Amino acid sequence: MLGETDLFVSQIGFGASPLGDVFGATDPAESTRAVRQAVASGINFFDVSPYYGRTLAEKRLGNALIGIRKNIILSTKCGRYGFDSFDFSASRIKRSIDESLTRLQTDYVDLFMAHDIEFGSLDQIVGETLPALQEVQKSGKARYIGITGYPLAILKAATESQRVDAILSYCHYNLLITDLEDDLEPFAKAQRIGLINASPLHMGLLTEAEVPVWHPAPAGVRSAAKQVVELCRAREVDPAVMALGFSIGQPYVASTLVGMSNSEQVETNLRALDFELDPVLLLELQQIVAPVKDVVWASGLSQTFDVKSCPER
């Protein structure tokens, strides 16, 4: 269950950003098959945003969910609309929900979240954005509300005085980093806020796919991730399954979101549910990662940075 809501989200969630061609071109027909296969296999939590592919992901997900919307828990976001396009004003939030509902072909979402709040001023997020989300919730267009972002400090600061139902954190709990467990998890527990972990593959670093040119991780983190992938290959273990299997072991996290766009990815991710971590291999991987463990990067406005320096290698 997600916090104190009545949302029983699946342990693995369907991250729909790839439907917006964020990681390369996808086949819409295959994306629809992947969505329906995921639902048939027990994945019920789907997360998207107008930012992903500049509304393309929402449109494709909406098309894929025709006839099966009632079987899933649907989440979308507001506030971020492009790489450097942000608007956390109350008027934009209220327009955004209506636009998203049209694209998703539904009359409500289960979770509506302010997206990457570190790119707005904390005063505006607390004083304007979150009250606007609460109004959307009261209208019935969203059952529950939340926030997302990268720096853990602002996620806590924004919710200390304004109640939300869920926090989505990304790239803070996986084979390369676990600071979510020491920092955000205790806060979320104390506040009784549901916690969602995204990017268990560190936005693609812990897979055999080519790393996107836009990836913000420092060189040392990229290097360690490459070595992790190579060692998994040498031991005949799928690095993505290893990484996801590790991430879903976090006990307080309600759902771990992983990006999917085709049936093969759905099948691979589902294997993580029954994957048994080899403690010897895990220890070796942790030794590789140790020099850059818990290294993060700058994201958002300067006052929201909480960055640990990364040794280059």
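Odds and ends about this structure:
- Read-out Cα Rg over 2.2 N^0.38 Å, derived from the coordinates shown; its label in (1) 1.02; (2) 1.08; (3) 0.94: (3)
- Label point distance in nm, GLU181-ALA40, each placed 7 Å from Cα along Cα→Cβ: 3.6 nm
- Comparing PHE119, PHE83, PHE46 in a Gaussian network model of the chain where C-alpha atoms under 10 Å apart are linked, the largest mean-square fluctuation is found at PHE83.
- For the range 170-304, carbon and sulfur atoms together expose 50% of the accessible surface, with a 1.4 angstrom probe and every protein chain in place.
- Amide H contacts under 5 Å for GLU4, placed H, 5+ residues apart: GLY194
- Descending by average beta-carbon neighbour count within 10 Å, the peptides 53-65, 92-104 line up as 53-65, 92-104, the highest first.
- With the convex hull drawn over the C-alpha atoms of the range 21-106, the volume per residue is 86 Å³.
- Counting only protein heavy atoms and a 1.4 Å probe, the chain has 40 square angstrom of accessible area per residue.
- Cα-Cα P(r), the range 192-313, percent of pairs per 5 Å interval: 2, 10, 18, 22, 22, 15, 8, 3, 1
- Residue order by solvent-accessible surface for TYR252, TYR81 is TYR252, TYR81, largest first, with ligands and nucleic acids left out and a 1.4 Å probe.
- GNM flexibility winner over the chain from HIS215, HIS115, HIS202 (Cα, springs under 10 Å): HIS215
- Where Cα atoms sit under 22 Å apart: lysine pairs in the chain separated by 8 or more or lying on different chains: 18
- Virtual paramagnetic centre 7 Å along Cα→Cβ of VAL280, amide N under 15 Å, in the range 224-241: 232, 234-237
The values are calculated or read from the model by the stated rules, or taken from the named source; none is laboratory data. Quick caveat: nothing in here was measured; it's all calculated off a predicted structure. So basically every Cβ, Gly included, is an ideal-geometry build from the backbone, and we count neighbours across all protein chains shown. Remember, those area values only see protein heavy atoms, side chains included, never the ligands or the DNA or RNA. Shrake-Rupley method; radii C 1.70, N 1.55, O 1.52, S 1.80 Å.
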